[in-house]
Amino acid sequence: MKNLAIIPARGGSKRIPHKNIKKFLGKPIIAYSIEAAIKSRLFDEVMVSTDDNEIADVAKQYGAKVPFMRSNKNADNFASISDVIKEVKTEYLNVSKKFDNICCILATAPLIKIESLKKTFSILQNKGVDSVRPIVRFSYPIQRAFKLTNMKVEMFSPQYMNTRSQELEPAFHDAGQFYWMKYAPGLEGPGRYGLEIPELGVQDIDTEEDWKLAEMKYNLIKG
């Protein structure tokens, strides 16, 4: 059973310049993803897909491989994770290297836990699924969400106005940390599973405020 970790890290971040190697509590943020993958001992190879030489140098410094640079086609804002994974698979096949499973780990996931990587891999192995990812429960019932029209508040689903919270079905969202997948179906396979993780262990990082919140959560968890 051969496993490949792919860490996508393009250089063209706009809202937080060079986000993937910005210092997070004293260390490039991508280092947390690389080190978690290596320390998990789940992978035969940990590689970074990037179009940026500086990111490539940092990735190598922390133990990842950068066997090739990402194409310009897959280095813009419109390239999806699936596009990047397909390119990586093609490049490895060109040198006769194939894997059984792939885990795509985001470069900005400092709260990632090795335990979660292992649990989700176990699900991938034992449940006959195509892909597995960590998910987080919405803290407030989405059935009671509002929409705002010219400052007027309206419910998306008025039929749930008087329903008790405990009677509403829980909803979840992507934790935005990593995605385990079988090699062939990848993320396109219909058998998509999720492992619920605590909200404290998750933080999207798209703004400077997000960055500070992530550092606070990291200190809470690790401290």
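The values are calculated or read from the model by the stated rules, or taken from the named source; none is laboratory data. Small disclaimer: the values here were computed from a predicted structure and weren't measured. Don't worry about glycine lacking a Cβ; one is built from the backbone with ideal geometry, like all the others, and counts go over all protein chains shown.
Looking at the stretch 48-75 only, could you name the residues that are among the acidic types (D, E) and not in a loop (DSSP other than H, G, I, E, B)? Hits for the stretch 48-75 are E54, D57.
Looking across the stretch 66-116, the residues that are β-branched (V, I, T) and within 22 Å of A36 (Cα to Cα) come down to V66, I81, V84, I85, V88, I102, I105, T108, I112, I114.
Within the stretch 18-36, being more than 15 Å from N219 (Cα to Cα) and not in a strand (DSSP E or B) holds for H18, K19, N20, I21, K22, I30, A31, S33, I34, E35, A36. If you filter the stretch 39-58 down to residues that are closer than 12 Å to R10 by Cβ and among the aliphatic types (A, V, I, L, M), you find that the one that is surrounded by the fewest Cβ atoms within 10 Å (Cβ to Cβ) is A56.
If only residues of the stretch 164-182 that are surrounded by 15 or more Cβ atoms within 10 Å (Cβ to Cβ) and in contact with a strand residue (DSSP E or B) (Cβ under 8 Å, 6 or more places away or on another chain) are counted, the one that is nearest to I21 (Cα to Cα) is Q177.
In the stretch 131-140 there is no residue matching the filter, namely being modelled with pLDDT under 95, within 29 Å of I29 (Cβ to Cβ) and assigned to a helix (DSSP H, G or I). Restricting the stretch 173-223 to residues that are touching a Phe, Trp or Tyr at 6+ places or on another chain (Cβ under 7 Å) and under 15 Å from S33 (Cβ atoms) leaves a set whose member that is modelled with the lowest pLDDT is I205.
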